[in-house]
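**Q** Got a structure here, written out as structure tokens. Questions coming.
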Amino acid sequence: MTEVFAADWLSLREPADHAARPRALLDALHTVLPGTEPLEVIDLGAGSGSNLRYLGPRLDRRQHWRLIDHDAALLEAVTTPGDVPFDTLCMALQAFPPPTLPPPQLITASALLDLVTEAWLARLVDYCIAHDCVALLALSVDGRIQLDPPASNDDRVLAALQAHQNGPKDMGTALGTTAPARAAALFRERGYQVRLMASDWQLTPDEAELQRQLLVGWHAAVIRQNPGDRQRFDEWLHTRVELLDRSHIRVGHQDLLAWP
């Protein structure tokens, strides 16, 4: 997978990501993890380490992380909270798992599942089953978006956005907004226990720059999806940017915990 995410975007979204994570799911994670120490963790699509910075201090135990991403520059920028040890592996996620990778007790990822194909997700589930791994897969979009105040063409833009999210990506046809439910079904079919919880972004005018960059990204996506509607989409973006001083955006995500 070669989607490119700028370091400044990842940094901008990190507080919203962390605020959205449900504490109850973290509490449940503590009850299902094995007692092995140090806990071996693989973080897929790790980027610059946001998931490590969120989970590491909250696991409250000896641990070692292996961060996997295709972007070497992002991996070089990883910072770790406290003294949580980690190493990095730069590889295309299509190649996961490499045959020599020691199996972990926990596999985690953030904002990844909606970008992958069903075939890749099935390989990930198979890997977890084969090694009795716990999986915590966070912040997968589920298609729920609320824009307040409303603006002309919101519905048209959001329909085109969902079509884009569920369309072709580097791996092939992405799971998009179906990812959380499909992941839950695949784990359950293999005998795992599964818990899904909402982890929605709830953006306020205080997060105007994050909202602006989100809107710009959506605008670019819907133009790629429906280029004939460019003028309509341009007008929509202009209107929504004008509303940023009183704009609230809710973006639906799901966090999934699966365990043997």
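The values are calculated or read from the model by the stated rules, or taken from the named source; none is laboratory data. Just so we're clear, the structure is a prediction, and the values are computed from it rather than from any experiment. Here the Cβ positions follow ideal geometry from the backbone for every residue, glycine too, while neighbour counts run over all protein chains shown. Surface areas here come from the heavy atoms of the whole protein model, side chains and all, with no ligands, DNA or RNA. Shrake-Rupley method; radii C 1.70, N 1.55, O 1.52, S 1.80 Å.
**Q** Once you list every other residue whose beta carbon is under 14 Å from the beta carbon of His238, what net charge do they have if Lys and Arg are +1 and Asp and Glu are -1?
**A** Here the charged neighbours net out to 0.
**Q** Here is a follow-up. Over all distinct Cα pairs, what is the inverse of the mean 1/r for the chain, reported as the Kirkwood hydrodynamic radius in Å?
**A** Working: mean 1/r = 0.0526 Å⁻¹.
After inverting the pairwise mean of 1/r, the radius is 19.0 Å.
**Q** Carbon and sulfur atoms: what percent of the 1.4 Å accessible area of the range 142-256 do they account for?
**A** 46
**Q** If you average the sequence gap of Cα pairs under 8 Å that are 6 or more apart and divide by the length of the chain, what percent do you get for the contact order?
**A** Normalised by residue count, the contact order of the chain is 23 percent.
**Q** Suppose all protein chains stay in the model; what accessible area per residue would a 1.4 Å probe give for the range 193-260, in Å²?
**A** 49
**Q** Could you give the nm distance between label points at Asp60 and Asp8, where each point is 7 Å from its Cα heading toward the beta carbon?
**A** Reported label-point gap for Asp60 and Asp8 is 3.9 nm.
**Q** Applying 1/(1 + (r/R0)^6) with R0 = 25 Å to the Cβ-Cβ distance of Asp229 and Arg190, what FRET efficiency is obtained, to the nearest 0.05?
**A** Numbers: r = 42 Å, r/R0 = 1.67.
Computed FRET efficiency for Asp229 and Arg190 comes out at 0.05.
**Q** Size of the dipole of the range 103-258 about the Cα centre, Lys and Arg at +1 and Asp and Glu at -1 on the beta carbon, nothing else charged, in debye to 20? Mind dumping the intermediate values first?
**A** Values: 15 positive and 20 negative charges, 77 e Å.
Its charge dipole is roughly 360 debye.
**Q** When all C-alpha to C-alpha distances in the range 142-260 are sorted into bins of 10 Å, what percent of pairs does each bin hold, rounded to whole numbers?
**A** 13, 38, 31, 14, 4, 0
**Q** On C-alpha positions alone, give me the angle between the axis of helix 23-32 and the longest principal axis of the chain, in degrees, nearest 10.
**A** Helix 23-32 sits roughly 20 degrees off the main axis of the chain.
**Q** While we're looking at this one, here's another question. Angle check, please: helix 179-189 long axis (alpha carbons) against the longest principal axis of the chain (alpha carbons), in degrees 0 to 90, nearest 10.
**A** Long axis of 179-189 versus the principal axis of the chain: about 30 degrees.
**Q** Of the beta bridges DSSP finds with both residues in the chain, what % are antiparallel, to the nearest 5? Before the final figure, lay out each step's value.
**A** Working: 19 of 39 bridges.
Antiparallel bridges: around 50 percent, rounded to the nearest 5.
**Q** Considering only Ala181, Ala220, Cys90, whose Cα is most displaced toward the positive end of the charge dipole of the chain, charges sitting on Cβ of Lys, Arg (+1) and Asp, Glu (-1)?
**A** The residue sitting farthest along the positive end of the dipole is Ala181.
**Q** Percent of alpha carbon pairs in the range 47-134 separated by more than 16 Å? Display every interim value, and only then the final one.
**A** Working: 2167 of 3828 pairs.
Above the 16 Å cut-off, the range 47-134 has 57 percent of its Cα pairs.
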